[in-house]
1. Here is a list: HIS208, HIS196. Which entry is outside any helix (DSSP H, G or I) and either in contact with a helix residue (DSSP H, G or I) (Cβ under 7 Å, 6 or more places away or on another chain) or not acidic (Asp, Glu) (or both)?
2. Could you say which residue among HIS221, HIS208, HIS162 is touching an Asp or Glu at 6+ places or on another chain (Cβ under 6 Å) and not basic (Lys, Arg)?
3. Within the range 82-120, which residues are under 20 Å from LEU24 (Cα atoms), at pLDDT below 95 and among the β-branched types (Val, Ile, Thr)?
4. Can you pull out every residue in the range 224-251 that is surrounded by 22 or more Cβ atoms within 10 Å (Cβ to Cβ), touching a residue at least 60 places away in the same chain (Cβ under 8 Å) and under 23 Å from ARG38 (Cβ atoms)?
5. List the number of the failed condition for ASP138; all other conditions in (1) surrounded by fewer than 16 Cβ atoms within 10 Å (Cβ to Cβ); (2) modelled with pLDDT of 95 or more; (3) over 17 Å from the mean Cα position of the chain (by Cα) hold.
6. Can you pull out every residue in the range 211-247 that is touching a strand residue (DSSP E or B) at 6+ places or on another chain (Cβ under 7 Å) and part of a loop (DSSP other than H, G, I, E, B)?
7. Could you count how many residues in the range 154-168 are in a loop (DSSP other than H, G, I, E, B) and crowded, with 17+ Cβ neighbours inside 10 Å?
8. Which members of the range 144-203 meet the condition of being in contact (Cβ under 8 Å) with a residue 60 or more places away in the chain and among the hydroxyl-bearing types (Ser, Thr, Tyr)?
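The values are calculated or read from the model by the stated rules, or taken from the named source; none is laboratory data. The model shown is predicted, which means the values in this text are computed figures rather than measured ones. Glycine also receives a Cβ, built like all others from the backbone with ideal geometry; neighbour counts cover every protein chain displayed.
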Amino acid sequence: MNVCILASGSAGNAIYVESRRARLLIDAGLSGTDLARRLAQIGRTFDELDGVIITHEHTDHIKGLRPIARRRIPLYLNRSTYAAMTGPQWESSLRSALPLEAIRWVENGHSFAIHDLVCSPFTVSHDAADPFGLAITDGRVRVGIATDLGFVSGLVLERLKHAHLLILEANHDEAMLKNGRYPWPVKQRILGQYGHLSNGAAATAIEHLVHADIQEVILAHLSQENNRPDLAIEAASEALDRAGRLQMPVSAAEQHRVGVMREL
């Protein structure tokens, strides 16, 4: 399995995953033009995609859906997410843009297959209609993805515990956030159980998730305002040290640059 983070952060999120038989996009939070450009950087195109999985309805995860929908690429999402992103309170114009025949309904807690990839969505705590993280396997290796969540529940730990590649949110440094310029209600939202993971919370989760076969940790959805890659990596590295895996690769995904294609 190959994995590449095309973009990660509050301005847009997209992860590319491929196996021998399947090519998927996890979220489409950039414009269609930007998504196409970033796919081209790794030698891929929209027309090669077998599906696009939408984890929740926030704009930084669905911005590029219209050009994808025009190509009739199968869209995998749950009914609550569809209702939220096509309702009058959100992106009502998406309703006419998304052909129902292209939608494949998924349900949190129930796995589904796209060719040789088995995708297992699991509930996460975030202020969206019915958001989920993902565990994806080709039968040989497993990728765990949880990039928008307020806290790491026992369920999240269970679903991520066998990942060979872990992509986990490390959104903010608590001191930077608390002392920063955001209004207090926004700070409360980010710090709350339906907000985003801090570096410290991510590090604690990583310490619990390290196992003998894990190959790499990628920290995702870093705030450009309230975090720095070195702070997030330092916290994660300390957790890996406590777990006896200090030499394991850990990096931070970027907002404005396509990541390296990882081959697992």
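1. Details: HIS208 fails: outside any helix (DSSP H, G or I).
Criteria check complete, one pass: HIS196.
2. Working: HIS208 fails: touching an Asp or Glu at 6+ places or on another chain (Cβ under 6 Å); HIS162 fails: touching an Asp or Glu at 6+ places or on another chain (Cβ under 6 Å).
Every option except HIS221 fails the conditions.
3. Within the range 82-120, ILE103 is the sole residue that qualifies.
4. Matches in the range 224-251: ALA232 only.
5. Going through the list (1) surrounded by fewer than 16 Cβ atoms within 10 Å (Cβ to Cβ); (2) modelled with pLDDT of 95 or more; (3) over 17 Å from the mean Cα position of the chain (by Cα), ASP138 breaks only (1).
6. ILE214, GLN215, HIS221, LEU222, SER223, ASN226, ASN227
7. Going through the range 154-168 one residue at a time, the tally reaches 2.
8. Listed by number, the residues that qualify are THR147, TYR194.
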